[in-house]
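Remarks on the structure that follows.
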Amino acid sequence: MRTILLVALALFSGIAAADQVENQAELALLPAFCRGTQQIRAISHDPKPIEEYLAIYGKPYYHLHHYCWALNSENKAGHISDRLFRESKLTYALSDIQYSLDRSEPGFVFLPEMYNSQARILFTLHRDPEAVAALNKAIAAKPDYVPAYLRLSDYFVDKGNKAEAIKILEQGIDNTEKANALIKRLAKLGKTYQGVPGNKRPKDEPPKVVAPSTPQAQAEGGEEKTPAQSADQATKGPYCRFCP
């Protein structure tokens, strides 16, 4: 009965139960850009005025702390053994991600990552069609966003659709010069990329604001590590992404 009530609360109370970041230990597991957001600044003691971040990233940054809260909820869910309680925590996380997405605008630099995180949680909750849709939105927002192609191709591999997985990887390589992770994944599927990485990328794109990079992604050629537990590390505990 208790777990049923917890799930009901998760489904109907939305962002009211957000896992606000309460200490440095929780903050250390979150992306570096969370430090400057409102509601988290009091813990991070970020010296830069939030107005400077708004000038760099745009007005949607004002609401980005909700996305950071979502990641905090996801991290906490990784420590919960009860399935229903864990899923209720992930449902809270989805509410906060959606809150930030609803207050974003086209071109917001954090959109691809938010969609990717949304997909990761949806996959965990076995809501695969919604997760695939979120990954496609990430790719539409940033055609060279490698993590979305990797996650989407893995999904099709898991479903036994190797041809579609290869197609997704090749699409990603076509759209980015930084394609090492995609090329390696393609090789694991027995296919060699034919062509020049990034050949479909627009050549005259205006300069864009770049989101803070991921140390793990840099080390692994662009392959993303999650702030909580990835699917293949669900029993190994959460690990840090964007650690300072």
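The values are calculated or read from the model by the stated rules, or taken from the named source; none is laboratory data. Predicted model only: the values in this text are computed from it and were never measured. Don't worry about glycine lacking a Cβ; one is built from the backbone with ideal geometry, like all the others, and counts go over all protein chains shown.
Residues that are within 16 Å of the chain's Cα centre (by Cα) and in contact (Cβ under 8 Å) with a residue 12 or more places away in the chain: find the helices (runs of 4 or more DSSP H) completely inside the stretch 44-118 holding 2 or more of those. Steps first, please.
Values: elements: 50-57, 65-77, 83-102.
Of the helices (runs of 4 or more DSSP H) lying wholly inside the stretch 44-118, those with at least 2 residues that are within 16 Å of the chain's Cα centre (by Cα) and in contact (Cβ under 8 Å) with a residue 12 or more places away in the chain span 65-77, 83-102.
Would you be able to say whether some residue in the stretch 5-24 is under 19 Å from M114 (Cβ atoms), in a helix (DSSP H, G or I), touching an Asp or Glu at 6+ places or on another chain (Cβ under 8 Å) and at pLDDT 95 or above?
no
Between residues in the stretch 168-197 that are under 17 Å from D154 (Cα atoms) and residues that are small (G, A, S) and surrounded by fewer than 19 Cβ atoms within 10 Å (Cβ to Cβ), which pairs lie under 6 Å by C-beta distance while being six or more apart or on different chains?
That search, which allows pairs on different chains as well, returns N180/G221; A181/G221.
Of everything in the stretch 119-140, what is surrounded by 21 or more Cβ atoms within 10 Å (Cβ to Cβ), without any contact (Cβ under 8 Å) to a residue 60 or more places away in the chain and not β-branched (V, I, T)? Give them in sequence order.
Result: A119, L122, A131, A134, L135, A138.
From L111, L90, grab the single residue that is over 22 Å from R35 (Cβ atoms) and either touching a helix residue (DSSP H, G or I) at 6+ places or on another chain (Cβ under 6 Å) or among the polar types (S, T, N, Q) (or both).
Just one listed residue meets the conditions, L90.
Quick one: how many residues across the stretch 22-78 are surrounded by 18 or more Cβ atoms within 10 Å (Cβ to Cβ) and among the β-branched types (V, I, T)?
The total comes to 2.
Determine if the stretch 165-184 includes at least one residue that is closer than 30 Å to E26 by Cα, surrounded by 11 or more Cβ atoms within 10 Å (Cβ to Cβ) and at pLDDT 50 or above.
Yes, the stretch 165-184 contains a residue that is closer than 30 Å to E26 by Cα, surrounded by 11 or more Cβ atoms within 10 Å (Cβ to Cβ) and at pLDDT 50 or above.
Would you point out which residue out of S95, S81, S104 is surrounded by fewer than 19 Cβ atoms within 10 Å (Cβ to Cβ), among the small types (G, A, S) and farther than 19 Å from L29 by Cα? Give the derivation first.
Working: S95 fails: surrounded by fewer than 19 Cβ atoms within 10 Å (Cβ to Cβ); S104 fails: surrounded by fewer than 19 Cβ atoms within 10 Å (Cβ to Cβ).
Step by step, each of S95, S81, S104 is checked, and only S81 is surrounded by fewer than 19 Cβ atoms within 10 Å (Cβ to Cβ), among the small types (G, A, S) and farther than 19 Å from L29 by Cα.
Mind listing whichever residues of the stretch 118-155 are of a type in the set (D, E) and over 21 Å from Y92 (Cα atoms)?
D144, D154
Among the residues that make up the stretch 217-235, is at least one of them of a type in the set (A, V, I, L, M), at pLDDT 95 or above and over 20 Å from L111 (Cα atoms)?
no
Residue-by-condition table, conditions (1) of a type in the set (D, E, K, R); (2) part of a helix (DSSP H, G or I); (3) closer than 30 Å to A77 by Cβ; (4) out of contact with any helix residue (DSSP H, G or I) (no Cβ under 9 Å at 6 or more places or on another chain):
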| residue | (1), (2), (3), (4) |
| --- | --- |
| K137 | yes, yes, yes, no |
| A163 | no, yes, no, no |
| G172 | no, yes, yes, no |
| A187 | no, yes, no, yes |
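Mind listing just one residue for me: the one in the stretch 138-187 that is within 15 Å of F123 (Cβ to Cβ) and acidic (D, E) and, of those, nearest to the chain's Cα centre (by Cα)?
This residue is D154.
Return the only residue of L84, L30 being closer than 25 Å to A138 by Cα and either of a type outside the set (K, R) or at pLDDT 95 or above (or both). Please lay out each step first, then the result.
Details: L84 fails: closer than 25 Å to A138 by Cα.
That would be L30, the only listed residue that is closer than 25 Å to A138 by Cα and either of a type outside the set (K, R) or at pLDDT 95 or above (or both).
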